[in-house]
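*Asks:* Pasting in a structure now, in structure tokens, and then I'll have a few things to ask.
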Amino acid sequence: MVVKVDLKDKIYKLKKEKNAVILAHYYQRPEIQEVADYVGDSLGLSQKATGINADIIVFAGVHFMAETAKILNPTRKVVLPDLNAGCSLADSCPSDTFGNFTASYPNHTVITYINCSAEIKAMSDLVCTSSNALKIVNSVPKEKPIIFAPDQNLGKYIIKQTGRDMLLWDGSCIVHEAFCINKLLELYQKNPGAVIIAHPESEEHILKTATYIGSTAGMINYVKEHSKEKFIVATEAGILHEMRKKVPGVVLIPAPIKEDNTCACSECAYMKVNTLQKLYDCLLNESPQIDVPSAIRKKALLPIKRMLELSN
Ligand code: 13P
Ligand code: SF4
């Protein structure tokens, strides 16, 4: 009798043989989240990536996340299932243009959202994620002006919350900018008891409708801690998997996007290029690997470390 070995079992076996660890973001495909040793938001993943004992880190997420793990663990092999797993925010901020921009404002403190390249982190005083952005910005003395990049929507949200003087880079997340306010309001009217929760990468008019605004981990906790029957969720749809795991039976309605979204709601094409098969292959072949030139790594490590210290 031929016994078909399940791909998940092959991954578990190989992971053990190679002393590897799998870290996954909440936007990954459900089957990837299921084989991961740890699933989290960008802050949780960076915290988890500090001082990992495994020989190989398989990063099931996008490039900037794997790069951050490599910066924190230069002696470990970090592999990403598909090198095409990029990010529109990271792409919106090329290092040469950003370097010229920051050079024009030498008195500004440079804070960058973790969704950017290692080169951009190397030019930053502080890095933040959506979980700790307010804390990181508030850690800068009040009189100090700030450059915040690359997410203008998160930047506007922080300005509103803190009243800080911040110059914003004009990047945005293609997924969070796709939500349609008119369709969202229509949906809310049809579901009057529903609670709207949103990620701060969303546009201001979407955030205005939300009862809760927070990182992916924050949104999951909010659903867990509130016994409401229905949530309208304005972020990437991969998050629904963990929400349903945490609160079985909860009613979750993905926020509608501008295009006809009968099939795929709000999926990040970058996050979704990773598949279980590619995850297995990258662990087997130990490729593609993430590398960060040492000079950039050393500079980028400083603002990441500051962020981690401030987040403790
Ligand atoms: P968080 O998981 O940190 O909230 O970030 C969301 C995101 O867009 C990651 O790319
Ligand atoms: Fe980048 Fe947006 Fe995709 Fe997150 S959801 S990886 S911010 S494009």
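*Asks:* Between VAL251 and residues 5 or more places away or on another chain, which pairs have amide H atoms under 5 Å apart, with H built 1.01 Å from N, and which residues are they?
*Replies:* The answer is PHE231.
*Asks:* Using Cα springs under 10 Å in a Gaussian network model of the chain, which residue among TYR270, TYR105, TYR26 shows the largest mean-square fluctuation?
*Replies:* Result: TYR105 has the largest fluctuation of those listed.
*Asks:* About the Cα centre of region 187-299, what is the dipole size in debye to 20, counting +1 per Lys and Arg Cβ and -1 per Asp and Glu Cβ, all else neutral?
*Replies:* Numbers: 14 positive and 13 negative charges, 68 e Å.
Its charge dipole is roughly 320 debye.
*Asks:* At 222 nm, what helix-only mean residue ellipticity would the chain give, in deg cm²/dmol to the nearest 500, using -39500 (n - 2.57) for each DSSP H run of four or more?
*Replies:* Details: 15 runs with 130 residues, N = 312.
That comes out to -11500 deg cm²/dmol.
*Asks:* Quote the FRET efficiency, to the nearest 0.05, computed for SER294 versus GLU34 with a Förster distance R0 of 35 Å and r equal to the Cβ-Cβ distance. Provide the component values of the computation, followed by the final result.
*Replies:* Working: r = 36 Å, r/R0 = 1.02.
So the FRET efficiency works out to roughly 0.45.
*Asks:* Run the simple label-point estimate for ASP6 and LEU185 please: 7 Å along Cα→C-beta, distance reported in nm.
*Replies:* Calculated label separation equals 4.8 nm.
*Asks:* Dipole magnitude of region 1-92 about its Cα centre, charges +1 at Lys/Arg Cβ and -1 at Asp/Glu Cβ only, in debye to the nearest 20? Provide the component values of the computation, followed by the final result.
*Replies:* Working: 12 positive and 11 negative charges, 72 e Å.
Dipole of region 1-92, to the nearest 20 debye: 340 debye.
*Asks:* Right, something else. If you filter region 185-294 for trypsin sites (Lys or Arg not before Pro), then keep DSSP loop positions with at most 13 other Cβ within 10 Å, what is left? Spell out each step's value before the answer.
*Replies:* Working: sites: LYS190, LYS208, LYS224, LYS228, LYS230, ARG244, LYS245, LYS246, LYS258, LYS272, LYS278; in loops: LYS208, LYS228, LYS258.
Here the sparse-neighbourhood loop sites are LYS208, LYS258.
*Asks:* When only DSSP loop residues count, what trypsin sites (Lys or Arg not before Pro) in region 1-85 have their Cβ near at most 14 other Cβ atoms within 10 Å?
*Replies:* Values: sites: LYS4, LYS8, LYS10, LYS13, LYS15, LYS16, LYS18, LYS48, LYS70, ARG76, LYS77; in loops: LYS4, LYS18, ARG76.
In loop regions of region 1-85 (DSSP not H, G, I, E or B), the sparsely surrounded trypsin sites (Lys or Arg not before Pro) are LYS4.
*Asks:* A further question on this structure: Could you pull out the pairs from LYS10/LYS48; LYS13/LYS246; LYS48/LYS135; LYS142/LYS224 whose alpha carbons sit more than 29 Å apart here?
*Replies:* Details: LYS10/LYS48 24 Å; LYS13/LYS246 27 Å; LYS48/LYS135 20 Å; LYS142/LYS224 35 Å.
From LYS10/LYS48; LYS13/LYS246; LYS48/LYS135; LYS142/LYS224, over 29 Å: LYS142/LYS224.
*Asks:* For LEU284 and LYS142, FRET efficiency with R0 = 41 Å and r from the beta-carbon atoms, rounded to 0.05? Kindly include the intermediate steps, with their values, before the conclusion.
*Replies:* Details: r = 52 Å, r/R0 = 1.28.
The value I calculate is 0.20.
*Asks:* Name the residue from VAL251, TYR105, ILE120 whose Cα lies farthest towards the positive end of the charge dipole of the chain, charges +1 on Cβ of Lys and Arg and -1 on Cβ of Asp and Glu.
*Replies:* Projecting each Cα onto the dipole axis, the largest value belongs to VAL251.
*Asks:* Quick one: net charge of LEU279's neighbours, Cβ under 12 Å, K/R +1, D/E -1? Don't skip to the end; give the middle numbers.
*Replies:* Values: positive: LYS8, LYS10, LYS15, ARG29, LYS278; negative: GLU31, GLU34, ASP82, ASP281.
So the surrounding residues net to +1.
*Asks:* What list do you get for TYR27, TYR113 if you sort them by fewest beta carbons within 10 Å? Could the numbers behind the result be given before it?
*Replies:* On the way: TYR27 27, TYR113 30.
Lowest to highest Cβ neighbour count: TYR27, TYR113.
*Asks:* Could you rank the peptides 50-58, 129-137 by their average count of other C-beta atoms within 10 Å per residue, with the highest value first?
*Replies:* Working: 50-58: 16.9, 129-137: 21.4.
Per-residue mean Cβ counts within 10 Å order the peptides as 129-137, 50-58.
*Asks:* Under a point spin-label approximation (7 Å from Cα along Cα-to-Cβ), what is the HIS226-ASN84 distance to one decimal in nm?
*Replies:* About 3.7 nm, to one decimal.
FYI, it's all coordinate maths here, none of it is from the lab. What you see is a predicted model, and the numbers here were worked out from it, not measured in a lab. Using ideal geometry, Cβ is built from the backbone for each residue, glycine included, and neighbour counts are taken over all protein chains shown.
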